[in-house]
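Report on the structure given below.
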Amino acid sequence: MPPVAGARADRGLRPSAIAIDPMIQRVTSRQNPRLREAATLIASARDRRKAGKCVLEGEHIVAAYAARYGPPETLIVTEDALLRPGARALADTHSGRTLVVAAALFDELATLPSGIGMLAVVPTPKSGVIVPADFCLLLDDVQDPGNVGSMLRSAAAAGVGQVLLSKHCAFAWSPKVLRAGQGAHFYVDLQEDVDLAAWARDFRAAGGAVVTMVATGGTDLYDTPFAPHMALAIGNEGAGISAALAAQATRRVTIPMPGGVESLNAAAAAAVCLFECVRRRRSRSPGVAAN
């Protein structure tokens, strides 16, 4: 009996023997135009920005993108990955956009191990939001991709509505940031290349509060009253908050560190502050409404 196509895993079959939707294309040549495009985008931040596209790696991130934005332009999956129900379902759902490749060819493209088995080329999502959210995170020249991705992940978990990145932040849609974010990009409104000082000035004029994190000299985080409409700003790993943005701050806040360590990693500091904000907003303590 021939194998039956479907979203389930075809156990016991060699990957090349698995029946697939006839719309799905098997590719064996690295010269395939869609494979070459994916390789170019993975290798070059300049090309990603110029094309307005990015590459998602891993079934979880691809599924999160598809749920929010729709089909990817190209879905590339290994033969082995088709044995997994989740990957098979994505491939079948987007069959006309899917390429199946051997693990060795996938390894030439991806930055993650072939066991991940899936990547997608997608248009870089653009923000259409104009009105600021009640709870925002400002990243001021945060340059480490891992930090940016981790902050996005913490922000999404904390219920932040918008994350705004200054011009010299790491590109939010680079593979390293996407990997660290683990799908967080698709749960917050992201805006890049923002003049944060000008944005903060307008946010304050509209009644919002801008809280900047500083390593020393600020109000103790746990004694700080927070406003219902607020933006939390995290600065560059070495230089901290820029002078222009600092000038727009409603408050400067410091995390107490009784252990004597000079400072926290930027992503760790952001997580501490974001979830202190969550605690205050949930408890609705008297300090919440103060500026």
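Pairs meeting the criteria (first residue in segment 130-143 and touching a residue at least 24 places away in the same chain (Cβ under 8 Å) and under 16 Å from P228 (Cα atoms), second residue acidic (D, E) and part of a strand (DSSP E or B), beta carbons under 8 Å, at least 6 apart or on different chains) are A133/D189. Just wondering, is there one or more residues in segment 134-151 that are small (G, A, S), under 13 Å from the mean Cα position of the chain (by Cα) and open to solvent by less than 10 Å² (accessible area, probe 1.4 Å)? Looking for residues that are small (G, A, S), under 13 Å from the mean Cα position of the chain (by Cα) and open to solvent by less than 10 Å² (accessible area, probe 1.4 Å), one finds at least one in segment 134-151, hence yes.
Which residue, of A87, A91, A104, is in a helix (DSSP H, G or I) and open to solvent by 40 Å² or more (accessible area, probe 1.4 Å)?
Only one candidate passes the filter, namely A104.
Examine segment 185-199 for a residue that is at positive phi and modelled with pLDDT under 90, and state whether such a residue exists. Steps first, please.
From segment 185-199, those at positive phi are 193; that's our starting set.
Next cut, modelled with pLDDT under 90 only: none.
Looking through segment 185-199, none of the residues is at positive phi and modelled with pLDDT under 90.
In the set T212, T219, which member is open to solvent by 10 Å² or more (accessible area, probe 1.4 Å), of a type in the set (S, T, Y), more than 17 Å from the chain's Cα centre (by Cα) and modelled with pLDDT of 90 or more? Every option except T219 fails the conditions. The helices (runs of 4 or more DSSP H) falling completely within segment 144-228 that include 3 or more residues that are within 29 Å of P71 (Cβ to Cβ) and not β-branched (V, I, T) map to 145-158, 175-181. Regarding segment 120-128, can at least one residue be identified that is over 17 Å from the mean Cα position of the chain (by Cα), open to solvent by less than 60 Å² (accessible area, probe 1.4 Å) and of a type in the set (A, V, I, L, M, F, W, C)? Checking segment 120-128: not a single residue is over 17 Å from the mean Cα position of the chain (by Cα), open to solvent by less than 60 Å² (accessible area, probe 1.4 Å) and of a type in the set (A, V, I, L, M, F, W, C). Against the criterion of being closer than 30 Å to V122 by Cβ, touching a residue at least 24 places away in the same chain (Cβ under 8 Å), open to solvent by less than 30 Å² (accessible area, probe 1.4 Å) and not charged (D, E, K, R), A197 does not qualify.
Can you tell me which residue in segment 107-119 is modelled with the highest pLDDT, limited to those that are open to solvent by 20 Å² or more (accessible area, probe 1.4 Å) and small (G, A, S)? This residue is G115. For segment 200-247, a tally of residues being without any contact (Cβ under 8 Å) to a residue 40 or more places away in the chain and touching a Leu at 6+ places or on another chain (Cβ under 6 Å) returns 0. Of the numbered criteria (1) farther than 24 Å from C169 by Cα; (2) at pLDDT 90 or above; (3) in a loop (DSSP other than H, G, I, E, B), the one Q248 fails is (1).
Filtering A231, A268 for residues that are within 25 Å of the chain's Cα centre (by Cα) and assigned to a helix (DSSP H, G or I) leaves a single hit, A268.
Of all residues assigned to segment 120-142, at least one qualifies as being in contact with a Cys (Cβ under 9 Å, 6 or more places away or on another chain) and on the phi > 0 side of the Ramachandran plot.
So for segment 115-127 (the condition being part of a helix (DSSP H, G or I) and not charged (D, E, K, R)), does at least one residue qualify? Yes; the residues of segment 115-127 include at least one that is part of a helix (DSSP H, G or I) and not charged (D, E, K, R). For segment 26-59, the set of residues classified as among the charged types (D, E, K, R), open to solvent by 20 Å² or more (accessible area, probe 1.4 Å), part of a helix (DSSP H, G or I) and in contact (Cβ under 8 Å) with a residue 60 or more places away in the chain consists of R34, E37, R49, listed by residue number.
The values are calculated or read from the model by the stated rules, or taken from the named source; none is laboratory data. Values in this document were obtained by computation on a predicted structure and should not be read as measured data. Because the Cβ atoms are built from the backbone with ideal geometry, glycine has one as well, and the counts that use them run over all protein chains shown. Accessible surface is based on the protein model in full, side chains and every heavy atom, while ligands, DNA and RNA are left aside. Shrake-Rupley method; radii C 1.70, N 1.55, O 1.52, S 1.80 Å.
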